[in-house]
1. Residues in the range A:120-130: is at least one in contact (Cβ under 8 Å) with a residue 24 or more places away in the chain, under 14 Å from A:D68 (Cβ atoms) and crowded, with 19+ Cβ neighbours inside 10 Å?
2. Can you find, within the range B:78-100, the residue that is surrounded by the most Cβ atoms within 10 Å (Cβ to Cβ) among those that are of a type in the set (V, I, T) and more than 13 Å from ligand 2 (Cβ to nearest atom)?
3. Pairs needed: first member in the range B:155-180, at pLDDT 95 or above; second member anywhere, of a type in the set (G, A, S) and surrounded by 12 or more Cβ atoms within 10 Å (Cβ to Cβ); C-beta distance under 7 Å; at least 6 residues apart or different chains.
4. Please determine, by comparing only the residues of the range A:43-69 that are within 16 Å of ligand 1 (Cβ to nearest atom) and outside any loop (DSSP other than H, G, I, E, B), which one is nearest to the other protein chains (Cβ to nearest Cβ).
5. Being among the polar types (S, T, N, Q), more than 16 Å from ligand 2 (Cβ to nearest atom) and touching a residue at least 40 places away in the same chain (Cβ under 8 Å), is that true of even one residue in the range B:52-72?
6. Identify, from the list A:F142, A:F133, the residue that is surrounded by fewer than 19 Cβ atoms within 10 Å (Cβ to Cβ), without any contact (Cβ under 8 Å) to a residue 24 or more places away in the chain and more than 16 Å from ligand 2 (Cβ to nearest atom).
7. Of (1) in contact with a helix residue (DSSP H, G or I) (Cβ under 9 Å, 6 or more places away or on another chain); (2) within 16 Å of ligand 2 (Cβ to nearest atom); (3) not small (G, A, S), B:H103 satisfies all except one. Which?
8. How many residues, within the range B:28-37, are at the interface with chain A (Cβ under 8 Å from one of its Cβ atoms) and surrounded by 17 or more Cβ atoms within 10 Å (Cβ to Cβ)?
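The values are calculated or read from the model by the stated rules, or taken from the named source; none is laboratory data. From a predicted model like this one, the values you see are computed outputs, not experimental measurements. Virtual Cβ from ideal backbone geometry, glycine too; neighbours counted across all protein chains shown.
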There are 2 protein chains.
Amino acid sequence: TGQKKNDFANRGMTLENDINETNHFYLETNHAVVHKKPTPVQIVQVDYPKRSAAVIKEAYFKQASTTDYNGLYKGKYIDFEAKETRNVSSLPLANIHEHQVEHMRKVLQHGGICFFIIRFSKQEDTYYLPAEFFIQFWDQQFQGGRKSMPITFIKDHGHSIPFTFQARVDYIKIIDKLYF
Amino acid sequence: TGQKKNDFANRGMTLENDINETNHFYLETNHAVVHKKPTPVQIVQVDYPKRSAAVIKEAYFKQASTTDYNGLYKGKYIDFEAKETRNVSSLPLANIHEHQVEHMRKVLQHGGICFFIIRFSKQEDTYYLPAEFFIQFWDQQFQGGRKSMPITFIKDHGHSIPFTFQARVDYIKIIDKLYF
Ligand SMILES: [Mg+2]
Ligand SMILES: [Mg+2]
């Protein structure tokens with residue numbers, strides 16, 4: 001099954017890169033306005049050399065308090081988190097942080113469109129999973145449920161995301177199907 | 001007129017701090033989900049010491065490609081930029097970048113709620129200015145218009161934002177009035 005996919009150039013790119021390119025395409029074609037949030041950084045020391053740009057000399061990565069991406073499509077707020085795993089049969093929940101899930105709960109509560117984009121990089125399969133289903137599974141781990149989400153759960157409750165040349169992770173197609 | 005306002009503690013805080021506190025209050029009271037985007041940073045060198053956190057050793061501030069804040073209120077996408085000036089009678093347009101204005105155009109085009117929060121810090125007055133009016137004025141600067149937006153324009157087309165103890169920049173009140 002990998003044969004046809006590999007016809008596309010740069011197929012080895014990361015999910016994040018593919019999504020960024022897709023968002024760029026959506027923006028250029030005036031389809032949607034979605035951006036990746038910058039990596040949160042705690043800045044400790046900055047030098048201000050004369051006649052040149054300020055240099056950050058000491059900083060640390062901070063944990064993100066929300067998700068990776070948000071934006072606007074057909075008047076609706078959309079918000080999602082991208083996760084890539086080299087596991088072949090499940091996504092470990094340890095990859096996701098509690099406050100990200102809390103953020104997603106709030107987004108749903110306030111009427112936003114919220115989801116995960118999950119890629120199994122070995123198989124090169126990418127799925128759209130509505131946050132509703134993710135949260136349901138997530139909550140069960142605290143009542144003796146699994147700590148890892150089986151690919152079967154993702155296939156049953158999610159949607160395979162088409163890969164096209166211009167929109168490498170064409171998640172808007174799924175949003176159209178589900179909401180419009 | 002500053003007398004009553006100064007009864008509130010921490011009145012000397014920056015606009016950004018006031019907005020962050022307001023957003024925190026909105027989040028806690030389940031009113032709206034709005035976050036400041038992290039400062040975009042170009043990371044050049046990172047050290048990975050054994051047994052401790054990664055340290056960013058060289059990085060530079062990047063220009064933001066969008067606005068400072070976005071989020072979700074009553075199912076609607078909202079997006080805004082905060083600007084503070086110590087000028088007393090106008091806001092210099094040099095404070096705003098072309099690509100931020102382009103981003104705002106797109107947000108409006110796709111049905112989002114988009115605006116500026118502008119504070120004149122000497123007078124301690126804060127205004128909500130719909131992006132539509134801002135962009136109109138912005139475009140005129142290239143046809144011989146002014147490079148600085150008079151406070152009278154902001155008062156005529158904008159709305160004074162109430163300052164309350166819990167929501168220091170209660171911009172949702174204005175959104176309610178304009179859209180709901
Ligand atoms: Mg991610
Ligand atoms: Mg700003």
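1. no
2. The extreme case among them is B:I78.
3. Once the first residue is at pLDDT 95 or above and sits in the range B:155-180, its partners that are of a type in the set (G, A, S) and surrounded by 12 or more Cβ atoms within 10 Å (Cβ to Cβ) give B:I172/B:A32.
4. A:F61
5. Here is the first cut: in the range B:52-72, the residues among the polar types (S, T, N, Q) are B:52, B:63, B:65-67, B:70.
Checking the rest, the ones that are also more than 16 Å from ligand 2 (Cβ to nearest atom) come to B:52.
From what is left, the residues that are touching a residue at least 40 places away in the same chain (Cβ under 8 Å) are none.
Checked the range B:52-72: no residue is among the polar types (S, T, N, Q), more than 16 Å from ligand 2 (Cβ to nearest atom) and touching a residue at least 40 places away in the same chain (Cβ under 8 Å).
6. A:F142
7. Unmet for B:H103, out of (1) in contact with a helix residue (DSSP H, G or I) (Cβ under 9 Å, 6 or more places away or on another chain); (2) within 16 Å of ligand 2 (Cβ to nearest atom); (3) not small (G, A, S): (1).
8. Within the range B:28-37, residues that are at the interface with chain A (Cβ under 8 Å from one of its Cβ atoms) and surrounded by 17 or more Cβ atoms within 10 Å (Cβ to Cβ) number 4.
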